[in-house]
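Asker: Handing you a structure now.
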Ligand SMILES: [Zn+2]
């Protein structure tokens with residue numbers, strides 16, 4: 001389930017590209033407005049509101065400059081001001097979308113939500129602006145460089161996809177629908193975020209099996225009850241280790257009901273509005289529309305891909321399911337099923353017993369400060385960069401830290417780490433863009449938002465992580481590096497993470513590999529008491545055990561992907577989201593539906609990803625192929641890493657993703673490495 005939470009990005013609108021009138025104004029903007037060191041990150045509601053209004057005012061001014069331009073269209077009179085405009089809109093959108101979910105102050109969060117609505121409305125209007133469309137249609141870029149030509153081609157397609165050439169009446173409807181969809185999406189997310197649940201346990205005896213440090217953090221309350229919440233640092237260890245089966249089941253049901261019942265109706269409305277929008281734009285349904293500009297190109301291809309992966313995963317998943325069932329029968333001889341809420345628990349036991357991997361022993365080598373240090377060491381060494389902490393900055397919370405990324409003496413960008421849980425904070429793990437970079441104008445800035453155990457919360461500074469959390473950390477950091485290293489293209493529309501959406505998870509999923517191999521693990525996994533590096537046999541067990549569960553995981557992911565596609569690939573007038581979810585679970589998942597649960601109400605990606613949750617797996621297929629080069633040359637091979645940085649990361653979205661992959665591999669990508677990985681036992 002962690003995968004559901006793994007990162008997402010806010011670049012949908014930025015698939016369009018950016019724009020002021022003269023270079024002088026541009027320089028002024030670059031020097032004053034976009035200095036990294038002048039960036040304010042603490043924010044009051046008033047300050048954020050003002051900043052957003054100011055960004056929007058700049059954006060309006062640049063838009064007018066383009067529209068009022070006379071004479072033949074040139075890059076200088078059209079693309080340059082567009083780029084400036086988009087720098088402002090990108091900043092306003094990202095600042096609001098970040099603070100809406102991380103800022104400790106409720107006024108800032110609600111100001112941010114309203115700001116995000118205003119910016120999204122402006123962006124939607126832009127895409128439907130015929131004057132702009134005509135300006136770009138009349139722009140001759142035949143003599144420009146390949147990146148500029150690619151950008152303009154992409155922009156014109158985005159204009160058409162937005163409906164710019166529809167009738168006046170249709171365009172009004174499209175704008176209204178887009179606006180409504182943004183608001184429904186925010187409502188959907190808010191209902192999940194606000195619905196943190198807990199179960200009450202009667203006595204410490206019900207915590208049998210839980211790690212000692214976790215128990216210490218969960219003393220009984222004044223009423224004698226122990227509270228276990230649906231937040232990750234509670235939910236995941238409890239599902240994994242608690243022997244108390246009924247407790248696990250109760251917590252699972254609460255977890256799978258977050259957002260319920262409120263989001264049942266919200267989700268129906270979201271799907272219905274998207275369907276209507278797709279129809280106005282001339283598509284059969286939303287899934288056809290949303291897949292068209294991805295690597296996969298159509299809903300039909302997406303369905304085939306889901307079925308192809310599900311088929312490849314079928315036998316490995318069945319083998320693993322049987323192992324879990326065999327283990328369960330030691331506890332319950334009459335058992336004929338393993339339930340979804342028993343999966344993490346029995347997986348852990350099988351790994352522990354069959355692969356002799358004691359995940360609690362493993363945790364002793366994964367203390368948060370060592371993991372952070374290891375992640376930094378490995379990525380700095382691989383990608384030839386250094387990180388320097390920036391002290392004394394006003395930030396939005398005392399737990400947040402800021403880091404500058406240097407290439408030699410050249411600063412490449414800045415990132416922020418907001419890694420520990422607190423009230424009212426985004427509950428998953430994700431990378432957020434703060435400012436998308438553009439060469440000569442602005443350095444990229446990005447943020448990691450996670451929920452790891454906090455060393456400050458334990459008396460001895462100890463924060464032992466689950467290996468899965470370490471994997472999440474590397475994953476999200478893969479997005480962050482992509483954002484920083486790709487953020488140096490001249491046009492913001494192809495700078496940063498602007499490749500096709502279904503490629504975006506490839507660099508992050510590839511970086512996960514460094515959590516499973518001795519060359520990298522031995523660099524940072526040390527015993528928190530003795531300082532001794534992780535023993536080789538433990539790494540070997542981890543690798544074998546890490547492979548266990550991948551068939552089930554893959555099958556389960558295809559269930560989620562099928563739900564996401566299935567909700568959006570037909571007329572929703574008779575859609576019963578619970579019934580279809582149950583049907584698809586039977587078809588794709590080895591685990592039965594658990595009565596009374598409504599997981600679709602907290603499946604946040606139904607908004608952000610809509611029909612295209614398949615993208616994770618599509619990216620994984622590519623990630624496995626990319627990683628095969630490192631497997632061959634060594635995980636710390638700087639030459640391979642330099643090529644990877646140059647061919648995959650640095651171009652951002654200035655080329656088709658399939659070409660980036662081909663440039664790095666020297667051939668088109670294939671399914672083979674993924675299949676080999678899946679079948680290896
Ligand atoms: Zn991700």
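Asker: May I ask you to sort 309, 172 by Cβ crowding, counting other Cβ atoms within 10 Å and putting the fewest first?
Answerer: Arranged by neighbour count, lowest to highest, 309, 172 become 172, 309.
Asker: Roughly how many nanometres apart are two label points built 7 Å out from the Cα toward the Cβ at residue 679 and residue 187?
Answerer: Inter-label distance under the simple model: 5.0 nm.
Asker: For each of 86, 465, count neighbouring Cβ atoms within 10 Å of the residue's Cβ, then give the residues from fewest to most.
Answerer: Exposure proxy ranking, most exposed first: 465, 86.
Asker: Say a paramagnetic label sat at a point 7 Å from the Cα of residue 243, along Cα to Cβ; which residues of region 185-213 have their backbone N under 19 Å from it?
Answerer: Under 19 Å, as judged by backbone N against the label point of residue 243, lie 201-213 of region 185-213.
Asker: To the nearest 0.05, what FRET efficiency results for residue 580 and residue 637 with a Förster distance of 56 Å applied to their C-beta separation?
Answerer: Approximately 0.75, to the nearest 0.05.
Asker: Right, here's the next one. Just report the Cα centroid separation between region 186-250 and region 444-509, whole Å.
Answerer: 27 Å
Asker: Applying 1/(1 + (r/R0)^6) with R0 = 25 Å to the Cβ-Cβ distance of residue 536 and residue 326, what FRET efficiency is obtained, to the nearest 0.05?
Answerer: In this case the efficiency is close to 0.30.
Asker: Given contacts defined as C-alpha pairs under 8 Å and at least six residues apart, what's the relative contact order of region 236-337, whole-number percent?
Answerer: It comes to 9 percent, rounded to a whole number.
Asker: Still on this structure, I have one more. How much length would be gained if the chain were fully extended between residue 522 and residue 389, taking 0.36 nm per residue of separation minus their Cα-Cα distance, in nm to one decimal?
Answerer: Taking 0.36 nm per residue and subtracting the Cα distance, the gain is 45.4 nm.
Asker: Hey, another quick one. Could you tell me the relative contact order of region 303-389? Use alpha-carbon pairs under 8 Å, at least six residues apart, and round to a whole percent.
Answerer: About 16 percent, as a whole number.
Asker: Exposure proxy check: 514, 214, 677 ranked by fewest other beta carbons within 10 Å?
Answerer: Starting with the residue having the fewest Cβ neighbours, the order is 677, 214, 514.
Asker: Specify the inter-centroid distance of region 542-613 and region 363-402, based on alpha-carbon positions, in whole Å.
Answerer: Taking the Cα centre of each part, region 542-613 and region 363-402 sit 34 Å apart.
Asker: If R₀ is 25 angstrom, what is the calculated FRET efficiency for the pair residue 68 and residue 157, using the beta carbon separation as r and rounding to 0.05?
Answerer: The calculated FRET efficiency here is 0.45.
Asker: Rg (Å, one decimal) plus Dmax (Å, integer) for the alpha carbons of the chain?
Answerer: Just the Cα atoms of the chain yield Rg and Dmax of 24.8, 83 Å.
Values in this text are rule-based calculations from the coordinates and carry no lab data. Note that the structure is predicted; figures quoted are calculated from it, not measured. Virtual Cβ from ideal backbone geometry, glycine too; neighbours counted across all protein chains shown.
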